[in-house]
Amino acid sequence: MSDSTRHQSQDRLHPESRIVHPPLAETVGSRPMGVPLHQGHLFAFDTSDALSRSFGGPDGAFIYNRHGNPTVRSLEETVADLEGGVAALATASGMGAITTVLLALLRAGDHVIAQRSLYGGTHALLADLAERRGVEVTHVSGDDPEEVRAALRPETRLLYLETVSNPTTRVTDLPGLIAVAKRAGVVSVVDNTFATPLLCRPIEHGADIVVHSATKYLGGHSDVLAGIAVFAEAEPHRAVWRHSLELGAAVDPFAAWLTLRGLQTLALRVRRHCETALDLAGRLAAHPAVTAVHYPGLPTHPDHELARRLLPDGHGGVLSFDLAGGREAARTFTESVRLASLAPSLGGVHSLVLHPASTTHRQLSDEELAVAGIGAGLVRMSVGIEHPEDLWADVEQALAKA
Ligand code: PLP
């Protein structure tokens with residue numbers, strides 16, 4: 001039954017039917033401020049032909065939320081625009097975006113070149129692809145295009161990078177590494193979660209696909225789990241979208257709506273995260289309990305020059321630092337903060353601290369931790385948007401105990 005038929009016959013129906021088919025109120029003479037939440041998971045059609053046509057691709061009429069949804073589409077178009085891509089696919093989490101992209105693009109026998117220091121979940125996914133799906137993976141450092149060139153094989157299909165590494169905040173030479181991949185016809189995928197599209201747009205540096213944990217800065221308020229993949233060209237988007245139907249990777253519309261709401265303040269939040277992180281990094285570097293601070297905004301950071309070119313508008317909200325007292329000092333510090341919280345995740349309005357060696361990176365051996373630059377006394381801090389003086393007072397009192 002079409003909407004118009006339904007409305008005409010509404011008064012002849014029994015109450016049981018009328019409450020299942022309430023009128024769809026339309027805004028006439030005004031328009032909504034912001035993107036409406038379309039939570040319903042299916043859409044009705046007037047003709048079988050129209051329904052049939054909508055199955056064809058990501059651009060057809062909305063049919064069922066696993067295929068697409070208007071609220072989700074608004075999020076996809078917003079982030080695609082920010083990243084300079086042609087289309088995007090929003091997913092239920094950042095790992096959902098990464099898994100969907102990799103499973104859609106890779107087949108048994110393919111070879112992947114990936115940065116060594118990746119988010120733990122991505123690392124585990126690549127290990128799983130190698131062990132169970134016949135994909136070979138070579139790890140590289142992320143700062144040497146020659147290493148990528150040397151790793152190339154005829155069957156190399158994909159280069160996987162992160163703009164800024166976790167937790168040591170090394171900045172990846174995206175232009176240099178991607179240029180090598182491009183010349184060899186290898187697809188480049190960049191996780192841009194730490195930088196956000198306001199600080200770095202990997203597609204401008206040649207990347208084919210950008211992925212995000214929208215759970216972090218894009219959502220920004222620690223109240224939503226979501227991911228998104230942005231595509232520089234339409235064809236890979238279609239291929240990954242098609243595969244997402246099989247994986248069931250779709251994001252819930254409410255999560256997409258929350259992400260859109262959070263995105264509206266992204267520029268304000270990111271500016272504040274960057275300013276406060278730089279301020280804290282400088283103060284930490286001068287503190288006697290701290291032996292090293294890792295923040296690309298500091299002139300002492302090994303990638304400071306690259307960061308100035310790649311992240312000209314700020315260096316992000318994550319920093320890490322080594323405590324002279326080692327593992328015990330890190331434990332005491334993370335348990336002594338009061339304004340900041342001991343918690344995983346990052347990129348939200350609240351400041352968070354954690355000890356990577358015993359939490360996010362605990363699966364790494366001592367040798368692997370050493371290669372990744374993760375010392376026993378390393379603390380990671382995701383700097384929130386609280387007042388910098390309050391944050392420093394909190395960090396200082398926790399340092400005094402550590
Ligand atoms: N990529 C990076 C850089 C991350 O830090 C994370 C999570 O911490 C992810 C991907 C995974 O995102 P999600 O937790 O939304 O699945």
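Things worth noting here:
- Any chance HIS287 is touching a residue at least 40 places away in the same chain (Cβ under 8 Å) and within 30 Å of SER93 (Cβ to Cβ): no
- Checked against (1) hydrophobic (A, V, I, L, M, F, W, C); (2) within 15 Å of the chain's Cα centre (by Cα); (3) open to solvent by 30 Å² or more (accessible area, probe 1.4 Å); (4) more than 28 Å from GLU367 (Cα to Cα), ALA88 meets all criteria but (3).
- Contact map, region 378-402: first residue closer than 14 Å to ALA289 by Cβ and open to solvent by less than 10 Å² (accessible area, probe 1.4 Å), second residue among the aliphatic types (A, V, I, L, M) and not in a strand (DSSP E or B), Cβ cut-off under 6 Å, separation 6 or more or different chains; pairs are VAL379/ALA330; ALA398/VAL337; LEU399/ALA289.
- Residue in region 356-373 that is under 25 Å from the mean Cα position of the chain (by Cα), under 18 Å from LEU284 (Cβ atoms), more than 16 Å from the ligand (Cβ to nearest atom) and open to solvent by 10 Å² or more (accessible area, probe 1.4 Å) present: yes
- Search result, residues across region 31-79 that are farther than 26 Å from LEU198 by Cβ, in contact (Cβ under 8 Å) with a residue 60 or more places away in the chain, in the same structural domain as LEU245 (by TED's automatic domain parsing) and open to solvent by 30 Å² or more (accessible area, probe 1.4 Å): ARG66, HIS67
- Any hit, region 212-232, residues being part of a loop (DSSP other than H, G, I, E, B), open to solvent by 40 Å² or more (accessible area, probe 1.4 Å), within 10 Å of the ligand (Cβ to nearest atom) and of a type outside the set (S, T, N, Q): yes
- Scanning region 291-335 for residues that are among the β-branched types (Val, Ile, Thr) and buried (at least 21 other Cβ atoms within 10 Å of the Cβ) yields VAL293, VAL318, THR334.
- Selection count, region 160-180, where residues are among the acidic types (Asp, Glu) and open to solvent by less than 20 Å² (accessible area, probe 1.4 Å): 1
- Matching entry among ARG157, ARG107, ARG183, ARG153 (being surrounded by 17 or more Cβ atoms within 10 Å (Cβ to Cβ) and over 16 Å from LEU311 (Cα atoms)): ARG157
- Verdict on HIS350 being under 27 Å from the mean Cα position of the chain (by Cα), within 16 Å of the ligand (Cβ to nearest atom), at pLDDT 95 or above and not assigned by TED's automatic domain parsing to the domain that holds LEU258: yes
- Matching option when the condition is touching a residue at least 12 places away in the same chain (Cβ under 8 Å), under 25 Å from HIS361 (Cα atoms) and more than 15 Å from the ligand (Cβ to nearest atom), among ASP208, ASP173, ASP191: ASP173
- For region 86-121, a residue qualifies if it is assigned to a helix (DSSP H, G or I) and at pLDDT 95 or above, and the qualifying residues are GLY94, MET95, GLY96, ALA97, ILE98, THR99, THR100, VAL101, LEU102, LEU103, ALA104, LEU105.
- Looking only at residues of region 325-347 that are without any contact (Cβ under 8 Å) to a residue 24 or more places away in the chain and under 24 Å from the mean Cα position of the chain (by Cα), we find that the one that is farthest from LEU266 (Cα to Cα) is LEU342.
- Region 12-30, residues that are at positive phi and either within 35 Å of the chain's Cα centre (by Cα) or surrounded by 12 or more Cβ atoms within 10 Å (Cβ to Cβ) (or both): none
The values are calculated or read from the model by the stated rules, or taken from the named source; none is laboratory data. Every value quoted in this text rests on a predicted model; they were computed, and no experiment measured them. Positions of Cβ are backbone-derived with ideal geometry, glycine not excepted, and every protein chain shown enters the neighbour counts. These area figures cover heavy atoms from the full protein model, side chains too; ligands, DNA and RNA do not enter into them. Shrake-Rupley method; radii C 1.70, N 1.55, O 1.52, S 1.80 Å.
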